[in-house]
1. Would you tally the net charge around residue 200, using a Cβ to Cβ cut-off of less than 15 Å, leaving residue 200 out, and scoring K and R as +1, D and E as -1?
2. For the Cα atoms of the chain, what angle does the longest principal axis make with the long axis of helix 178-194, in degrees from 0 to 90, nearest 10?
3. Nearest 500 deg cm²/dmol is fine: what mean residue ellipticity at 222 nm does the chain get from its DSSP H runs of n ≥ 4 alone, each adding -39,500 (n - 2.57), divided by its residue count?
4. Viscosity 1.002 mPa s, temperature 20 °C: give me the Stokes-Einstein translational D for the chain in µm²/s, with Rh taken as the Kirkwood radius over C-alpha pairs.
Amino acid sequence: VASIALLAFNGLILMMPEFFGGEGEDGGRDEELTISRIGALLLVLMYAQLLFFQLKTHVHLFEGDDDMVALIPFHWALIGLVVITGMVTILSEWLVGSIDGFCEEFNLGRSFVGVIILPVVGNAVEHISAVSVAMKNKMDLALGIALGSSVQIGLFVLPMVVLVGWLTGRDISLKFPNVEVYLYLLSVIIVSLCLTNQRSNWLEGSLLVFTYVIIAVGIYFEKVDDES
């Protein structure tokens with residue numbers, strides 16, 4: 001429930017620059033950047049509170065199974081994480097540099113590649129992990145995996161991009177196409193409705209898959225101006 005509320009809060013922040021950021025004039029652009037930077041600060045502060053909530057004040061709500069035994073020592077896991085993070089950083093640079101050529105070669109929009117293809121490919125291991133633990137009837141862990149990355153991107157990575165751009169003199173705002181923000185909020189609402197009874201079944205799973213498919217279809221036909 002907390003993760004869904006945080007995603008909805010993220011959607012609220014994303015709507016603010018469009019609603020109150022002006023109409024493309026210099027003054028309007030300044031207002032858009034100001035709203036985006038304040039929103040980014042709020043999102044980062046909210047993420048910090050989430051970490052404090054999970055790691056300090058309400059640790060008992062996130063305790064794992066006592067019968068689980070670590071397969072490798074902690075220090076080896078930490079070293080592996082650092083090495084893999086470095087590799088992912090290098091590969092991400094190559095990936096970003098090849099997106100334009102990939103879009104032109106396969107006649108795909110950048111929105112479709114960024115919203116649909118890259119998340120599926122980049123989070124494949126995460127998706128497999130969520131499904132595998134769900135099949136073991138560990139739904140809390142499955143939801144934590146499925147929603148945790150979305151919360152991390154929405155409340156930390158995205159606002160940090162805006163803040164780092166601010167510090168380095170690059171104007172980056174949280175203004176996205178209205179249609180994409182509305183789709184994001186509607187998907188959050190659908191997920192929250194599926195989680196209200198704290199139970200799952202194949203019909204709700206099919207509903208979520210079909211929701212993803214129709215969003216992918218819409219994004220595929222989205223027309224975005226080059227300037228935007």
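All of the numbers you see were taken from the coordinates with simple rules; none came from a lab. Given the structure is predicted, the values throughout are model-derived calculations rather than measurements. Glycine also receives a Cβ, built like all others from the backbone with ideal geometry; neighbour counts cover every protein chain displayed.
1. Details: positive: 136, 138, 199; negative: 140, 204.
Within the 15 Å Cβ shell, the charges total +1.
2. Approximately 20 degrees, to the nearest ten.
3. The helix contribution divided over the chain gives -23000 deg cm²/dmol.
4. Numbers: Rh = 20.0 Å.
In µm²/s, the coefficient is 107.
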